[in-house]
Each structure stands twice: as structure tokens, then as C-alpha cells.
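Please read the structure below before turning to the comments.
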Amino acid sequence: MARYIGPKTKIARKFGEPIYGPDKYFERKNFPPGQHGLNKKRKKSSEYGIQLLEKQKAKYTYGILEKQFANLFHKAQRSKGITGEVLLQLLESRLDNVVYRLGIAPTRAAARQLVSHKHIVVDGELVNIPSYLLKAGQVIGVREKSKSLEVVSNSLTTGSHSRYPWLEWDKDQKTGKYLTVPERTEIPENIKEQLIVELYSK
């Protein structure tokens, strides 16, 4: 499936925040991209434009395409609870995101690649679908013969594995457990989900 593989700093500058993580280039050029940079007079965004930008930010942050995003939104709509919050919870429950959150991979893109290339197991079974939605209690780990991969060994050594209360890391087994669906207050992403709900409600 197609993925955005262009300049990430340019996208971060578009949204005015480092959505892909710490970025030294973004720190140096913390203004919108384009030929005129800071001197460009930018038109005031319409309500629709602001809502669309927020949806794009969520898509780029989690690294998914329009059709997948729309499918998750409609699933959130059918669920009990606040649609926007459920949408973010579904995004956080994706296997590639949890691999990233556990510190097994340094970025979501790297996590997606690990899953796609059959390096990740869930409850001992090989799963190679990045969009696989985890359920509470499931255990995520690295396939035994993949633990020697440089990207994995570096992340397992230097990664922060217990920053999130909905995840549990077993440093001896080098496995993580998806304890529960995160509350909105526990999701660190700066996304105004209500704007996305309003956009899809038009």
C-alpha cells in the first residue's frame, strides 16, 4: 500500500509542530514551508480548512491513508462513547502504533516495517498486518530470530518502554502487554479530534 515517504520536516512545518518526533531541522525552520517562508501573507483559514488540516495531521501522525482513516472513523461512529475519543483509541490500538509506543521501534514507520516484514508476534503468533487492532490483555513481542536485528536491538536497549499507563513492559522477556484501551487524557498526541468529527459530519 502507498505510504508518504517524502520530506517529513516539510510536513511538520506545515502543521507547526514536530508530529514525527524530535526534529533538529524543524527547530531551525519553525515556520511554514514555501518560497517566501515567513514573509508570505497567509490567508485566514476557513472553518472547513481548519478541520481538514486537523484530519491531515492525524493521518500523517499515525501514518495511515484516507480510506483506512475513514473506515476507522465510521467504526468509531458505530461504537458506544464519544466518537472523537473512540477514533483516537482505535488509532492507538493499531499494532504498528503499539510496537512504537513500547519502544521496540524508534518511529511508527519503522514499527510498520517490522510488522510487515514478519518480525512481530502477538500472543506468540506471527502477525504481519500493521492495522491489526489489539485487544486488552494481548502480549506483543519480537520474533526470537529477529531480536538480533540492529533496529530492534538498538531500540530495545535505548527505548523507553514504560511511559504509558495502558502498556506494560517485561524487560526479561522483552515483551509488552496491551493492558487496556487508553483514556483520552493518556494519549499525548496534540490532535483536536472534535474538529475531525465535525468535518465528517458535513
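A few remarks follow.
- Taking the criterion of being touching a Pro at 6+ places or on another chain (Cβ under 9 Å) and either in contact (Cβ under 8 Å) with a residue 40 or more places away in the chain or surrounded by fewer than 13 Cβ atoms within 10 Å (Cβ to Cβ) (or both), the residues of the range 167-202 that qualify are Leu167, Leu179, Thr180, Pro182, Glu183.
- Residue satisfying condition, being in contact with a helix residue (DSSP H, G or I) (Cβ under 6 Å, 6 or more places away or on another chain), of a type outside the set (Phe, Trp, Tyr), closer than 21 Å to Phe69 by Cβ and not assigned by TED's automatic domain parsing to the domain that holds Lys75, within set Pro106, Pro130: Pro130
- Number of positions in the range 45-99 that are among the aliphatic types (A, V, I, L, M) and over 14 Å from the mean Cα position of the chain (by Cα): 7
The values are calculated or read from the model by the stated rules, or taken from the named source; none is laboratory data. Just so it is clear, the model here is predicted, and its values are computed rather than measured. Positions of Cβ are generated from backbone atoms using ideal geometry, with glycine treated the same way; all protein chains shown enter the neighbour counts.
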